[in-house]
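Below you'll find the structure, written out as structure tokens, and then a few comments.
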């Protein structure tokens, strides 16, 4: 059987739409986060591979899980082995990575989502565990999970809307809920056109507004985070996600560029970080608890 790592697409954390373990994150936390990212990246590439059957994809994902929770062996998947070691060093559970694998197994076998609740069940496996893992690495309170879950799910929805045409044409996969498409008189074939119809644009706009509403459910998370540097990174991710949702609400997802360019994203992120720092420290100055942290 092919080792999953041989199917890497070449995409790295620097190619994502949002920061992944940026320099805002403390150095001691970046290694486990990047190990988690590399594991997820390989699993994602397996699930999206165009020439593998669903059974082959699931077998490779099962092997990655076995390598994640098993013992060292010469032919173990290197990303799974690296994450297992990183988790062991921190005394962390593999539960979040295992949830991601459940999502990727769904990607291998499920091509349609009937309604918003069905899609949210997917996001609970594909997106929410990412934020929870980062919070766990930082030792943050699990009381921060609900706000993080909302932000992460919204990020996932943004991505689904941005890539709706590519997902349909290349993978015959549709994340847009079928009942929302039907409400606008649409079938999935509408996603295969070169440009979006007015009806599809209205449908996407409604879903983008839902994503924006979810992002607002995460308002204030950055200041609930004990680690101020992680709080800054979250503020940047939150601001970028809001900007993308607003772009999607007024754009053609099939023909327009809805991804923020690096310069534009940099400006949005910098302004967000400055606003966050001002809110956290502002006129009150730096708190004694934060001042004691490096």
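Quick note: the coordinates plus some simple rules give every number you see, no bench work behind them. Keep in mind it's a predicted model, so treat the numbers as computed, not measured. FYI the Cβ positions are ideal-geometry reconstructions off the backbone, even for glycines, and counts take in every protein chain you see.
Summary of computed values
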{"read-out": "Length gained when the stretch residue 72-residue 213 is fully extended (0.36 nm per residue, less Cα-Cα span)", "value": "46.3 nm"}
{"read-out": "For segment 21-81 and segment 177-234, distance of Cα centres in Å", "value": "27 Å"}
{"read-out": "Rotationally averaged projected area of segment 201-254 (alpha carbon convex hull; nm²)", "value": "3.6 nm²"}
{"read-out": "Mean separation of Cα contacts under 8 Å, 6 or more apart, over the residue count of segment 22-134: relative contact order %", "value": "31 percent"}
{"read-out": "Stretch gain in nm, segment residue 90-residue 51, where the contour uses 0.36 nm per residue and the Cα spacing is subtracted", "value": "10.3 nm"}
{"read-out": "Spacing of the two label points (7 Å from each Cα toward its C-beta) at residue 279 and residue 256, in nm", "value": "2.7 nm"}
{"read-out": "Within segment 152-180: backbone nitrogen closer than 16 Å to the residue 118 label point (7 Å, Cα to C-beta)", "value": "168, 172-180"}
